[in-house]
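In what follows, a single structure is set out as structure tokens and then discussed.
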Amino acid sequence: MVNLLARFGVTAPGWLWLLPLALLPLVATAQRRVPVPSLAMVPADGLSRLVDAVLTLAGMAAIGLLVLALAGPRLAGESVARTGEGAQVSLLIDRSGSMNETFAGRQPSGAEESKAAASRRILEAFVGRRAHDLVAVSAFSTSPMAVLPMTDRHEAVRAAIRAIDRPGLEATNVARGLGLALSQFGPGASQASRVLLLVSDGAAVIDRRVQPLLREEFTKIHPTLYWLFLRTAGSPGLGDRPAGEDSPQAAPERHLDLFFKSLGVPYRAFEAENAQAVDEAIREIDRLERKPITFVERRPQRDLSGLAYGLAALALGLLVAGKLAETDLAGRRPASREAAPGSAQTTRRAA
């Protein structure tokens, strides 16, 4: 009750100055009055007194509720903390030109899906299965792009994910993308599970001068890192050593995987060579990241004007019923309290 009173308010408080009019039924009434010579002649009638009190209160309520309805009563919105299963998920999606190709390494034709289109479809389903997650979406190619900050508005998240199958650029700058994805978690410690999900087809090199900065950020935030590696058919895997020089330029995917393993945070890579493998990897991540999370449920403002008008109508209905009770529906006139002037003479003459 105290919480409800604290949330109660009006949008047009000027109307409340008319609330004293609700006292008018105490000094005036619309009911018919029947005069009697003495109150002693009137027998005690508890029912009549009850009806009179009910009609007086109904009149006061009708006026008061109509004034309140005009003032625009409302209950302010509130935020309620609840506990469920989920995580804070920062999605980092590769938007380089190679994501526009199929897993076979060619431009899609007919019913074929590009790697970006398959990822979009599967990630949308992933978000739809996790009602309590907080999700942020970032993208990267030549430069990182903050698509959507951390939010529990999953319709907005799905809209952001749908944008990833638009044509991308040629370059891949994963270092700056990782920095942006980490910043999406925000400052301060969190008791919730934090997940950074990288969706990329590789071919990225992190400059050695940037690596210490990324290590520091990963140590500070300490998320669980998943790399969904969309491997093009026939390309080297994460564990394949090149035949010649083993360098980041010769085997960028392998050395990116080695860098992730050296970060000191929980890390797992999934190599997917088709849309079905992507779906299986996402379902495995969904299964692994089911931990308690405290989330905030936002309740919107509630308009009470309709309720006030409805209650006022009920009070007015009682008043109308009370007035109708005074009406002789048969059309008969009430008997006169005094005899007509010539009635006594007529009686005597008849006698």
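Quick notes
- Our summary gives the stretch 52-170 a relative contact order of 28 percent, counting only alpha carbon pairs under 8 angstrom and 6 or more residues apart.
- Largest to smallest principal axis extent of the C-alpha atoms in the stretch 260-323, angstrom: 85, 30, 15
- Where the Cα pairs of the stretch 57-124 fall when distances are cut into 10 Å bins, in %: 14, 22, 12, 12, 13, 12, 10, 5, 0
- Counting only aspartates and glutamates at least 8 places from residue 261 when in the same chain, those with an alpha carbon closer than 13 Å to its own are 253.
- HN-Hα J in Hz across the stretch 223-231 - Karplus 6.51, -1.76, 1.60, θ = phi - 60°, x for Gly and Pro: x, 7, 9, 10, 10, 8, 8, 7, 7
- Anisotropy class of the stretch 210-277 from Cα gyration tensor, a/c 1.5 cut: oblate
- Legend: residues 17, 227, sorted from most to least accessible area (1.4 Å probe; ligands, DNA and RNA excluded), read 17, 227.
- Heavy atoms of residue 303 accessible to a 1.4 Å probe, total area in Å² rounded to 10: 110
- Heavy atoms of residue 114 accessible to a 1.4 Å probe, total area in Å² rounded to 10: 20
- Once backbone amide H atoms are built at 1.01 Å from N, residue 137 has 91, 147, 148 as its partners under 5 Å, excluding neighbours fewer than 5 places away on the same chain.
- Within the assembled protein chains, the solvent-accessible surface assigned to residue 282 is about 0 Å², based on a 1.4 Å probe.
The values are calculated or read from the model by the stated rules, or taken from the named source; none is laboratory data. Just so we're clear, the structure is a prediction, and the values are computed from it rather than from any experiment. Calculation scope for accessible area: heavy atoms of the full protein, side chains included, ligands and nucleic acids excluded. Shrake-Rupley method; radii C 1.70, N 1.55, O 1.52, S 1.80 Å.
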